Amino acid sequence: MTTTPATPPPDDKLVLGGREFTSRLLVGTGKYATFELMVEALEASGCEIVTVALRRVDLDAHARGEKNLLDYLDTSKYTLLPNTAGCFTKEDAITVCRLARELGIGDLVKLEVLSEQKTLLPDPIETLEATKVLVKEGFTVLAYTSDDPIMARKLEDAGAAAVMPLGSPIGSGLGILNPNNIAIILEQASVPIIVDAGVGTASDVAVAMELGVAGVLLNTGIAGAKDPVRMARAMRLACEAGRLAYLAGRIPKKRYASASSPLKDF
């Protein structure tokens, strides 16, 4: 008798820029009440990739004898993913990526170019143009974008190592608003598709993973929870469960009932 493993098989890896990761949950570092709470939540999430908004890192803290965000992140445990959160032009986003390289954080970057302050929706055109520049400069670009299948294909064609369509607007907690578009993006993609933004709770992660995405990136869903550490663990389990369900293959949906036991005796 065999037993079903509690987690996906060990050879089921997320591959980004030639690097392998066991966890498919990527977690942000913003909005926590304290850095210590952030460290606890990251540990509970089981993540291996941690996103860092460089524009929000106090690079002058050391001059004042203080610690900044980067001092709390164990780089022997986590791969840092600098992101361009807060950038509204391709020029600003490209500058932040170059700064990440100069600081020695690396060439793996999450590119995010926003359109305007109210909705914080991505600007796909600026994102596409920035992707082309960064790829030419040798960056491994994970491109955050809308859930538009056409733009997702264009970003892949431009050299993005992964495409990250939103589930819903940043910080909204609305979950996966357009699973059909995500499914279309998955059908045509040959690079990892990672749902990014809008995840509010564990069931949102499971829904995304059951669609077959390579991973989920989230921040506010954990940091903004009443108990971030507990929520981080819930997100971890949901990510694993959703991946297992996708690998197992769900039954088809039917309009009418289908008996699970014989209707008459043997």
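The values are calculated or read from the model by the stated rules, or taken from the named source; none is laboratory data. Computed from a predicted structure; not experimentally measured. A quick note on method: Cβ atoms are made from the backbone with ideal geometry, for glycine too, and the neighbour counts reach across all protein chains shown. Accessible surface areas use protein heavy atoms only, side chains included; no ligands, DNA or RNA. Shrake-Rupley method; radii C 1.70, N 1.55, O 1.52, S 1.80 Å.
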_Translational diffusion coefficient of region 168-266 at 25 °C, 0.890 mPa s, Stokes-Einstein with Kirkwood Rh over Cα pairs, in µm²/s as a whole number._
164
_Of the trypsin sites (Lys or Arg not before Pro) in region 60-163, those whose Cβ has at most 10 other Cβ within 10 Å and which sit in DSSP loop_ = 118
_Helix axis angle, 35-45 relative to the chain longest principal axis, alpha carbon, degrees_ = 30
*asked:* Let me understand region 23-144 better: what is its radius of gyration from the alpha carbons, and its Dmax, in angstrom?
replied: 14.6, 42
*Roll a 1.4 Å probe over the protein chains and send me the accessible area per residue for region 88-187 in Å².*
43
*Share of Cα-Cα pairs in the chain beyond 33 Å, in percent?*
20
*List the pair-distance distribution P(r) of region 165-220, using every Cα-Cα distance, as the percent of pairs falling in each 5 Å bin from 0 up to the bin containing the longest distance, rounded to whole percents.*
4, 23, 37, 22, 10, 3
*Counting Lys +1, Arg +1, Asp -1, Glu -1, what net charge surrounds residue 205 among other residues with beta carbon under 13 Å of its beta carbon?*
0
_Sparse-neighbourhood loop sites, GluC sites (Glu not before Pro) in region 19-72 - DSSP loop, at most 10 other Cβ within 10 angstrom_ = 66
*Stretch residue 117-residue 247 to full length: gain in nm at 0.36 nm per residue minus the Cα-Cα span?*
42.9 nm
*In whole angstrom, note down how far apart the Cα centers of region 138-166 and region 189-266 are.*
22
*Would you list 236, 24 from the most to the least accessible area, probe 1.4 Å?*
236, 24
_Between 0 and 90 degrees, rounded to the nearest ten: what's the tilt of helix 179-188 against the longest Cα principal axis of the chain?_
80
_Filter 67/110; 67/118; 13/154; 110/136 down to the pairs with a C-alpha to C-alpha distance above 27 Å, please._
67/118
